[in-house]
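Participant: Let me give you the structure first, and then I'll get to my questions.
The values are calculated or read from the model by the stated rules, or taken from the named source; none is laboratory data. Remember, it's a predicted structure, so these values are computed and weren't measured experimentally. Because the Cβ atoms are built from the backbone with ideal geometry, glycine has one as well, and the counts that use them run over all protein chains shown. Areas reflect the complete protein model, heavy atoms only, side chains present, ligands, DNA and RNA absent. Shrake-Rupley method; radii C 1.70, N 1.55, O 1.52, S 1.80 Å.
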Amino acid sequence: MALGEGNQSSVTTFILLGFSEYPHLQTPLFLVFLTVYTVTLVGNLGIIVVIRINPKLHTPMYFFLSHLSFLDICYSSVFTPKLLEILIMEDRTISFKGCMVQFFFVCAFVITEMFMLAVMAYDRFVAVCNPLLYTVAMSHTLCALLVAGTYAWGGICSLTLTYSLLELSYCGSNVINHFGCEYSAILSLSCSDPYFSQMTCLVISTFNEACSLLIILASYIFIVVTIVKMPSTGGLQKAFSTCASHLTAITIFHGIILLLYCVPNSKSSWLLVKVATVFFTVMIPMLNPLIYSLRNKDVKDTARKLIHTKLLSHSM
């Protein structure tokens, strides 16, 4: 049965192994991942709500942060429900089309988040280096265009990578040694020459990682130079506090991406790939709202007021 133009695939479903080699851990892992996913949804939705209801937070920085939270919800929701399902269900299958759709959306959201973090670094650069021109330089139109551009670029890259996988033939094993449709896991099942797909992935991945890190690095070099020149310690502390949360999020996000790039493509490294992917798709979306809310006074104050108002309304 042909599943893509130009290929001769006979595989219509894939079997996700997940963490089936550790049967005694299935229930504890399910409870841990369910808790993490719940915290992810509550935390990121909470940030979006807090930003919407507090007029003080209607600034470019929080506009980008609300989109970061939205992306965290999206790519966590593409992977985690299927992971929870295969941890407790006997049926570990996913259709070929379902697998490609999952890969497309995860890839699109991850690339979009990569550039959203770069856009946020540029925003911090403008805020610290040109504070008097900040509202003019970061206009509503520019912010909307930057956000639209990150989503569009994420979609284009993901579409290209998904197409490169669809052009391959899958006629041998249909067992994916992963809990989701991750690129290298799908590629390992191909029975045709993967050169075009591998080169496409290499070019897109290298370009995206290099560009996003270059924007972040350039922005923070200018920020550091500006901070060093600041005469007052108060201004220095304020500048540092506005950047600390973002730097923490960037370090975790790109650190795990680079770890995944550096893992050798061998059977012995599949467990490391799965664990790193869990951190990337399950843990990071939970950590981001914690990182931004714990270090941000405005977000914490608005959240407290919101909780206090709800508790009062329930007690009356």
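Participant: Taking all protein chains together and a probe of 1.4 Å, list 75, 183, 122 from the most accessible to the least accessible.
Facilitator: These residues rank, largest area first, as 122, 183, 75.
Participant: In segment 14-308, with Lys and Arg counted as +1 and Asp and Glu as -1 at Cβ, which of these residues, 188, 38, 202, has the Cα nearest the positive end of the dipole, that is, farthest along it?
Facilitator: Farthest towards the positive pole: 38.
Participant: Per residue, how much accessible area does segment 14-308 show when a 1.4 Å probe rolls over the protein heavy atoms, in square angstrom?
Facilitator: Per residue, segment 14-308 has an accessible area of 48 Å².
Participant: Taking a probe of 1.4 angstrom, what is the accessible area of residue 67 in Å², to the nearest 10?
Facilitator: Here the accessible area works out near 40 Å².
Participant: Follow-up. Quote the relative contact order of segment 140-253 in percent (integer), defining contacts as alpha-carbon pairs under 8 Å separated by 6+ residues.
Facilitator: 18
Participant: From the protein chains alone at 1.4 Å, what is the descending order of accessible area for 217, 247, largest first?
Facilitator: The ordering from most to least exposed comes out as 217, 247.
Participant: Keeping every protein chain in place, order 52, 92, 124, 304 by accessible area at 1.4 Å, biggest value first, i.e. largest first.
Facilitator: Sorted descending by solvent-accessible area, the residues read 52, 304, 92, 124.
Participant: Then there's this: Using protein chains only and a probe of 1.4 angstrom, how many square angstrom of residue 203 are accessible, to the nearest 10?
Facilitator: Accessible surface of residue 203 is approximately 90 Å².
Participant: Then there's this: Counting only protein heavy atoms and using a 1.4 Å probe, what share of the accessible area of segment 14-308 belongs to carbon plus sulfur, as a whole percent?
Facilitator: After summing per-atom areas, the C and S share lands at 74 percent.
Participant: Another question, if that's okay. For residue 228, tell me the accessible area in Å² from a 1.4 Å probe, rounded to the nearest 10.
Facilitator: 110
Participant: Between residue 145 and residue 269, what is the spin-label point distance in nm, taking each point 7 Å from the Cα along the Cα→C-beta axis?
Facilitator: Spacing of the two 7 Å Cα→Cβ label points: 4.1 nm.
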